[in-house]
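Participant: Quick one: structure below, then a few questions.
The values are calculated or read from the model by the stated rules, or taken from the named source; none is laboratory data. Quick caveat: nothing in here was measured; it's all calculated off a predicted structure. Glycine gets a Cβ as well: all are built from the backbone with ideal geometry, and neighbour counts include every protein chain shown.
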Amino acid sequence: MPVHLRDVIGYLDTTLEIDRFKDYAPNGLQVEGAPEIEHVVTGVSASAELISRAIEQGADLIVVHHGLVWGGGLTKIAGPLARRLKLLLGNDVSLAAYHLPLDKHARLGNNAGLADALAIGAKREAFGEVRGTALGLAGSWPAPLSRDAAIARIGGGVCNGQAPRFVFPYGPEVVRKVGLCSGAASDLMEAAAEAGCDLFLTGELAERSGDLAKELQITLVAAGHYATEVFGAMRLADELRMKFPGLDAKFIGVPSPL
């Protein structure tokens with residue numbers, strides 16, 4: 001049975017508390033299609049591949065972490081952006097995006113999912129302010145791990161069993177406290193060190209990060225921007241199926257090594 005688009009977007013906007021955030025992008029509905037929906041696809045980024053695959057599977061709504069509108073908005077509709085919009089508008093498909101709200105959310109968020117994937121304990125503290133919001137999470141395992149075991153756990157929980165792409169092993173040989181923030185959050189490393197973390201995990205690094213890790217004597221691990229941000233999109237699909245029984249909602253992965 002179809003569900004009104006406005007009801008689904010309203011639920012997501014309220015649940016993810018989008019009004020709390022001063023973000024780099026507008027959160028919520030970015031492209032409006034059909035007023036009633038039955039099939040939802042969630043994903044990490046609004047690429048042409050994700051949009052095309054969602055349309056092939058009959059999606060009426062696509063919900064992503066990285067949308068099409070950033071900064072000051074759309075200044076020119078040409079090239080890849082024009083092709084993505086043509087796919088959406090030509091098929092009456094809506095697109096919604098949730099950036100920092102989907103990183104932060106305590107139950108549905110990327111950082112909560114990342115901490116769960118690493119089996120970090122339930123006692124977690126926020127750290128690392130991004131545009132007025134403490135976005136990172138810090139916590140501990142039930143028992144300390146060696147540095148090598150901690151890195152291996154990240155590989156198994158985040159990198160599909162592969163070693164993380166970048167490791168700067170400057171922290172203690174025993175890891176008692178871990179700080180993490182998904183995506184491109186290497187600038188939160190200093191806040192992680194101030195919070196007493198022995199290891200900081202993020203997705204993508206700035207060039208200056210390696211030197212800073214050495215100076216802070218903290219282990220820095222970059223597991224990939226995409227790999228650290230699949231959790232929120234997957235959880236949104238589960239959430240929408242539960243909240244709206246008439247919806248078919250599924251996550252589509254379009255992996256990236258970056």
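Participant: Which of (1) touching a residue at least 12 places away in the same chain (Cβ under 8 Å); (2) in contact with a helix residue (DSSP H, G or I) (Cβ under 9 Å, 6 or more places away or on another chain); (3) surrounded by 13 or more Cβ atoms within 10 Å (Cβ to Cβ) is the odd one out, the single condition GLN162 does not satisfy?
Facilitator: With respect to (1) touching a residue at least 12 places away in the same chain (Cβ under 8 Å); (2) in contact with a helix residue (DSSP H, G or I) (Cβ under 9 Å, 6 or more places away or on another chain); (3) surrounded by 13 or more Cβ atoms within 10 Å (Cβ to Cβ), GLN162 is out only on (1).
Participant: Name the single residue, out of those in the stretch 5-28 being under 22 Å from LEU87 (Cβ atoms) and crowded, with 21+ Cβ neighbours inside 10 Å, that is farthest from the chain's Cα centre (by Cα). Steps first, please.
Facilitator: Quick first cut of the stretch 5-28, residues under 22 Å from LEU87 (Cβ atoms) only: 5, 8-9, 12, 25-28.
Restricting the remaining residues to those that are crowded, with 21+ Cβ neighbours inside 10 Å gives 8, 12, 27.
Values: VAL8: 20, LEU12: 15, ASN27: 14 Å.
Per the criteria, the residue is VAL8.
Participant: Suppose we keep only residues that are in a helix (DSSP H, G or I) and out of contact with any Phe, Trp or Tyr (no Cβ under 6 Å at 6 or more places or on another chain) within the stretch 92-113. Which one would you say is surrounded by the fewest Cβ atoms within 10 Å (Cβ to Cβ)?
Facilitator: The selected residue is ALA112.
Participant: Please give the number of the condition ASN160 fails out of (1) assigned by TED's automatic domain parsing to the domain that holds VAL63; (2) at pLDDT below 95.
Facilitator: (1)
Participant: Out of all the residues in the stretch 161-178, which are basic (Lys, Arg) and within 16 Å of CYS197 (Cα to Cα)?
Facilitator: If the condition is that a residue be basic (Lys, Arg) and within 16 Å of CYS197 (Cα to Cα), then ARG176, LYS177 are the ones that fit.
Participant: Looking at the stretch 176-258, what strands (runs of 3 or more DSSP E) fall wholly within it and have at least 1 residues that are surrounded by fewer than 19 Cβ atoms within 10 Å (Cβ to Cβ)?
Facilitator: 248-251
Participant: Shifting gears a bit: Of the numbered conditions (1) touching a residue at least 60 places away in the same chain (Cβ under 8 Å); (2) in contact with a Lys or Arg (Cβ under 6 Å, 6 or more places away or on another chain), GLY196 fails exactly one; give the number of that condition.
Facilitator: Failed condition: (1).
Participant: What are the residues in the stretch 17-55 that are touching a strand residue (DSSP E or B) at 6+ places or on another chain (Cβ under 9 Å) and among the aromatic types (Phe, Trp, Tyr), if any?
Facilitator: The one that is touching a strand residue (DSSP E or B) at 6+ places or on another chain (Cβ under 9 Å) and among the aromatic types (Phe, Trp, Tyr): PHE21.
Participant: Please enumerate the residues belonging to the stretch 29-54 that are more than 15 Å from the chain's Cα centre (by Cα) and within 24 Å of GLY132 (Cα to Cα).
Facilitator: If the condition is that a residue be more than 15 Å from the chain's Cα centre (by Cα) and within 24 Å of GLY132 (Cα to Cα), then LEU29, GLN30 are the ones that fit.
Participant: Answer yes or no: is there a residue in the stretch 143-155 that is within 19 Å of GLY224 (Cβ to Cβ), at pLDDT 95 or above and part of a strand (DSSP E or B).
Facilitator: no
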